[in-house]
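Asker: The structure follows.
The values are calculated or read from the model by the stated rules, or taken from the named source; none is laboratory data. Worth saying up front: this structure is predicted, and the values here are computed from it rather than measured. Cβ placement follows ideal geometry from the backbone for every residue including glycine, while neighbour counts extend to all protein chains displayed.
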Amino acid sequence: MRFDLSFFNPKARSLLGLDICSSAVKMVELSSTGRDEFRVERYTIEVLPKDAVADGNIADLEAVQEGVRRAWKRMATSTRNVAMALPASAVISKKIIVPAGMRDDELEVLVESEANQYIPFSIDEVNLDYQVIGPAPSAPDELEVLIAASKKERVEDRLAVAEAAGLKVLVMDVESYATLSAFELVARQLPMDESAPIVALVDVGMNVMKLSVLRNGQQVYAREQAFGGGLLTQDIVRRYGMNYGEAEAAKRAANLPEDYESELLPQFMDNLALEVSRALQFFFTSTQFNKVDHIVLAGGCASIPGIDELVATRTQVNTIVANPFAGMMLSDRVRAKNLLADASSLMAACGLALRRFDPS
């Protein structure tokens, strides 16, 4: 899904995936080594000040602009074209069914007409785009089309941040769609013996845990709940008398007193596993499903050693840590050990970098 800037096809043009989340600016650059095969050219993570991004909104424009500038400089790339994403909460989306064979101009008129019916504000106040998904499940002579709209100011904030850093935005995606694009690479690593595998993708960020359940690769359920790595950072602040920035840096560098790994961290890990179990129970009680076949952990918290085993024990479900770069070649600028530790938190950035290779 790309919002109309107008949007052009980024294929065959160099493109960076630029993910601005609540804790950091993340950039990824991929190149192609063959059909559906990629190489990681470079990546970086630049930590943002606390509350620079709040609830998906850029609250401190200057701090985020500076974070993007530093990230791009550390990338040491000549590429200035980027793909960015809006948080799902900033986007209204709807699937519609249209007759097959419509001309592009006819489809655009129909999309705008449909959008007028469900967007709760003036069409002049939004960026609107659509994407043809494919033949409608119930009628092969009809097409399923996904419409997405977001208020212009949400798009313009991100454009302003990129442009202030000297970058050019070619694609504006949606974070959840970008993450699911990267998930397709992770799904290949799962044992898929089941006829219709059900996979729970659990993305644990700084403040929010997002659950997406997919059946045969199609999302059937999504839910967010307030839980994330920021709670562990706050525990560190209280326990060791640090400020938030110091605590976050010490946590990332694994530079904390001995009782951190014996007391604070295990308690947080237990809470995380419990929250995953609760999220799955919400899924079971609100849908017709009563099981998941696999859990994939993403987000910065997924890199905590042993968290996958703990979640698997708590839920009795096979659990892995997301690594969309598994099997990719690495340039000599990328350290394999560092990328392995960071991979689970780079899902959206990876998905955005993949937009360079879109066939459409």
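Asker: Part of a helix (DSSP H, G or I), in contact with a Phe, Trp or Tyr (Cβ under 7 Å, 6 or more places away or on another chain) and either under 23 Å from VAL208 (Cα atoms) or in the same structural domain as GLY205 (by TED's automatic domain parsing) (or both), is that true of ALA343?
Answerer: Judged against the criteria, ALA343 is a match.
Asker: If we scan the range 111-133, do we find a residue that is farther than 23 Å from GLN218 by Cβ and among the aromatic types (Phe, Trp, Tyr)?
Answerer: Within the range 111-133, one or more residues are farther than 23 Å from GLN218 by Cβ and among the aromatic types (Phe, Trp, Tyr).
Asker: What's the number of the only condition in (1) at pLDDT below 95; (2) closer than 26 Å to ALA187 by Cβ; (3) part of a helix (DSSP H, G or I) that GLU224 fails to meet?
Answerer: Among (1) at pLDDT below 95; (2) closer than 26 Å to ALA187 by Cβ; (3) part of a helix (DSSP H, G or I), GLU224 violates only (3).
Here's the yes/no breakdown for (1) in contact with a strand residue (DSSP E or B) (Cβ under 9 Å, 6 or more places away or on another chain); (2) part of a loop (DSSP other than H, G, I, E, B); (3) modelled with pLDDT of 85 or more:
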site	(1), (2), (3)
ILE45	yes, no, yes
VAL68	yes, no, yes
THR79	yes, yes, yes
ALA83	yes, no, yes
ALA115	yes, no, no
PHE121	yes, yes, no
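Asker: Tell me, yes or no, whether the range 233-240 has at least one residue that is part of a helix (DSSP H, G or I), buried (at least 20 other Cβ atoms within 10 Å of the Cβ), over 21 Å from the mean Cα position of the chain (by Cα) and at pLDDT 90 or above.
Answerer: The answer is yes, given that some residue of the range 233-240 is part of a helix (DSSP H, G or I), buried (at least 20 other Cβ atoms within 10 Å of the Cβ), over 21 Å from the mean Cα position of the chain (by Cα) and at pLDDT 90 or above.
Asker: Limited to the range 303-326, what total is found for residues that are part of a loop (DSSP other than H, G, I, E, B), among the small types (Gly, Ala, Ser) and either surrounded by 13 or more Cβ atoms within 10 Å (Cβ to Cβ) or touching a residue at least 60 places away in the same chain (Cβ under 8 Å) (or both)? Write out each step before concluding.
Answerer: First, pick out the residues of the range 303-326 that are part of a loop (DSSP other than H, G, I, E, B): 304-306, 316-317, 322-326.
Within this subset, residues satisfying the condition of being among the small types (Gly, Ala, Ser) are 306, 322, 326.
With either surrounded by 13 or more Cβ atoms within 10 Å (Cβ to Cβ) or touching a residue at least 60 places away in the same chain (Cβ under 8 Å) (or both) added as a condition, the list becomes 322, 326.
Summing the residues that are part of a loop (DSSP other than H, G, I, E, B), among the small types (Gly, Ala, Ser) and either surrounded by 13 or more Cβ atoms within 10 Å (Cβ to Cβ) or touching a residue at least 60 places away in the same chain (Cβ under 8 Å) (or both) in the range 303-326 gives 2.
Asker: A follow-up question, please. Residue by residue through the range 286-302, note down the ones that are surrounded by 14 or more Cβ atoms within 10 Å (Cβ to Cβ) and either assigned to a loop (DSSP other than H, G, I, E, B) or touching a strand residue (DSSP E or B) at 6+ places or on another chain (Cβ under 7 Å) (or both).
Answerer: The first filter runs over the range 286-302 and keeps only residues surrounded by 14 or more Cβ atoms within 10 Å (Cβ to Cβ), leaving 289, 292-302.
Of everything in the range 286-302, those that are surrounded by 14 or more Cβ atoms within 10 Å (Cβ to Cβ) and either assigned to a loop (DSSP other than H, G, I, E, B) or touching a strand residue (DSSP E or B) at 6+ places or on another chain (Cβ under 7 Å) (or both) turn out to be PHE289, VAL292, ASP293, HIS294, ILE295, VAL296, LEU297, ALA298, GLY299, CYS301, ALA302.
Asker: So, one more: Say whether the condition of being acidic (Asp, Glu), surrounded by 11 or more Cβ atoms within 10 Å (Cβ to Cβ) and without any contact (Cβ under 8 Å) to a residue 24 or more places away in the chain is met by at least one residue in the range 269-281.
Answerer: Of all residues in the range 269-281, those acidic (Asp, Glu) come to 270, 275.
Restricting the remaining residues to those that are surrounded by 11 or more Cβ atoms within 10 Å (Cβ to Cβ) gives 270, 275.
Checking which are without any contact (Cβ under 8 Å) to a residue 24 or more places away in the chain leaves us with none.
No, there is no match, as no residue in the range 269-281 is acidic (Asp, Glu), surrounded by 11 or more Cβ atoms within 10 Å (Cβ to Cβ) and without any contact (Cβ under 8 Å) to a residue 24 or more places away in the chain.
Asker: Can you confirm whether ARG215 is farther than 22 Å from ALA52 by Cα, charged (D, E, K, R) and more than 21 Å from the chain's Cα centre (by Cα)? First the steps, then the outcome.
Answerer: Details: farther than 22 Å from ALA52 by Cα: yes; charged (D, E, K, R): yes; more than 21 Å from the chain's Cα centre (by Cα): no.
Considered against the rule, which asks whether it is farther than 22 Å from ALA52 by Cα, charged (D, E, K, R) and more than 21 Å from the chain's Cα centre (by Cα), ARG215 comes out as no.
Asker: Which residue pairs have Cβ atoms closer than 7 Å, lie 6 or more positions apart in sequence or on different chains, and pair a first residue in the range 122-151 that is free of Cβ contacts under 8 Å to residues at least 12 places away in the same chain with a second residue that is in a strand (DSSP E or B) and not hydrophobic (A, V, I, L, M, F, W, C)?
Answerer: GLY134/GLU144
Asker: How many residues does the range 50-69 hold that are touching a residue at least 12 places away in the same chain (Cβ under 8 Å) and either among the hydrophobic types (A, V, I, L, M, F, W, C) or surrounded by fewer than 16 Cβ atoms within 10 Å (Cβ to Cβ) (or both)?
Answerer: Qualifying residue count for the region: 10.
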